[in-house]
Amino acid sequence: MLAALLASSPLHAQDRADTEAEEQDAPAIMRIPPPRNVIARRQIERIRELDDAGPELNAVIVYDQEAYRTMGRSMVKGPLLGRTVLVKDNIETREFPTTAGSLALANNYTGRDAPLIANLRNAGGVVLGKTNLSEWANIRDNASTSGWSAVGGLTRNPYAIDRNSCGSSSGSGAAVAAGFAWGAIGTETNGSITCPASINGIVGFKPSIGLVSRTHVVPISSTQDTAGPMTKTVRDAAMLLGAIAGTDTADPVTLTVPNRKQKYTDGLSEFSLEGVRIGVMRNQIGNREDVKTVFETALADLERAGAVLVDIEFEPDTAMYGDSFTVLMFELREEMGKYLRSLPEMEGQDTPRSLTDLIAFNAAHADKEMRWFGQDLFELAETTTDREVYETARANAVRIAGEETLDMLLAENTVQFLVAPTRGPAWTSDLVNGDNFNGSIGFGSPAAIAGYPHLTVPMGRVEALPVGISFFGAKWADHEVLKLGAAYERARTAELPGPTFERWKAE
């Protein structure tokens, strides 16, 4: 079987050895990794074997097949030291088109690096390629299937290729899980980093809004959008966050961050759970007993390591969801128009300049763009134009999610963090009927709406499918949340599954 061959292959074993050799607590002699170009070559071979061929994961849209040959000459000797990074294809990089998964932008070669990508390169990171995504970051239609785009097709989950990889950063999650790169960058408006990270068995971090610039990133919402790291470990996520974060005068919210950190890896290994009070969101565990069992094991690990767990029974004010939706619809039309108008003129190309243009393009290319689902959200956003209603909704949503939910829960229960399962296991992909989310599991929306940090870390498995645990903290408490996640990793006792690259079968 393919999974057995991969598990026993020198390539797979060497990938594991590379990761183990780079753990901070390993003996000094083991910390010396193979040359980065050798690692990059192995990763490119894996993309060829598992994405271009084999199970055809469709996680990667485009990649530099010669990166391992040129990276030594062009690489900045920064803290990432030539580590390879795949980038979600709604973030501009100078060498590849930025499509957001849509044929409307299939030739969108801007020649620009988003500031977060410039920061990545300056830190010594190597842009290996672009990852597939839910088209337009899953904001085109209510009946969409996560992980599908007209440009990249349907992303398959490496743990079970007939299962979904969640969205919208589906390709980034699947690519890291499959070992195609050291890390990946995703984007999130509400769940689009944390859901694919959880379902693909990796670490995903949605930072506080403002840590990372959004300039030259195809937008949905200036209130909720952010990019963030997706990696195998919390330490790697902290390292990648430190590389991409930074100020940007074109994105004023980045200028509001207090006490910006340079190294998010500081203190991760030393952080102790002893006496740390963590609120357990009991009503957000959901209705699946198997997920609850895995979560209770994770809680026992935290408690055994010294954490003080505080049970919280809480139901959020659902008004924030409707208000947030109004915000997304209003900002989608405005922000998308600004982005499209910023694109350079390209000879012979009819570049869309507004949401109206995108709607018209989809209608004209319905056979390729709208075979599986339509564009009802695009059409609704086009008619959501009342600024007064929008501004009221925005103020309400941010206040309820932040002050009246997260801040209140932390303060009234005298806890530093909150914890809940991230999502349930991956569902079977179904282009005809769309997604099959279990909405009873998780507590990610308040952090997304208020712009607070949200970290998901693998906590175990349900029927060989990964499930993650979410950690939340106050706004700007990103470093503290990452330290908590690293401490949980050290305390975790659950056996984690490995990718099979086959269809799901009962254990």
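The values are calculated or read from the model by the stated rules, or taken from the named source; none is laboratory data. As the structure is a computational prediction, the values presented were derived from the model and not from experiment. Please note: Cβ atoms are built from the backbone with ideal geometry, for glycine as well, and neighbour counts cover all protein chains shown.
The set of residues in the stretch 470-500 that are touching a Lys or Arg at 6+ places or on another chain (Cβ under 9 Å), surrounded by 18 or more Cβ atoms within 10 Å (Cβ to Cβ) and either among the aliphatic types (A, V, I, L, M) or assigned to a loop (DSSP other than H, G, I, E, B) (or both) comprises LEU482, ALA486, PRO497. Report yes if ALA243 is surrounded by 24 or more Cβ atoms within 10 Å (Cβ to Cβ), touching a Gly at 6+ places or on another chain (Cβ under 7 Å), in the same structural domain as ASN438 (by TED's automatic domain parsing) and farther than 26 Å from ILE441 by Cβ, otherwise no. Yes, satisfied. Of all residues in the stretch 383-401, those that are in contact (Cβ under 8 Å) with a residue 60 or more places away in the chain and under 17 Å from GLU334 (Cα atoms) have Cβ atoms under 6 Å from Cβ atoms of residues that are surrounded by 13 or more Cβ atoms within 10 Å (Cβ to Cβ) and of a type in the set (Phe, Trp, Tyr), 6 or more apart or on another chain, in TYR390/PHE330. Residues in the stretch 220-244 that are in a helix (DSSP H, G or I) and β-branched (Val, Ile, Thr): VAL234, ILE244. A count restricted to the stretch 152-170 and to residues that are crowded, with 24+ Cβ neighbours inside 10 Å and under 19 Å from THR187 (Cα atoms) stands at 11.
Given the residues ALA143, ALA137, which is the only one that is part of a helix (DSSP H, G or I), in contact (Cβ under 8 Å) with a residue 60 or more places away in the chain and more than 22 Å from ASP236 (Cα to Cα)? It is ALA137. Within the stretch 470-491, is even one residue under 20 Å from TRP427 (Cβ atoms) and among the β-branched types (Val, Ile, Thr)? There is no residue in the stretch 470-491 that is under 20 Å from TRP427 (Cβ atoms) and among the β-branched types (Val, Ile, Thr). For the stretch 354-390, taking the residues that are among the aliphatic types (A, V, I, L, M) and closer than 15 Å to THR326 by Cβ, the one that is farthest from the chain's Cα centre (by Cα) is identified as VAL389.
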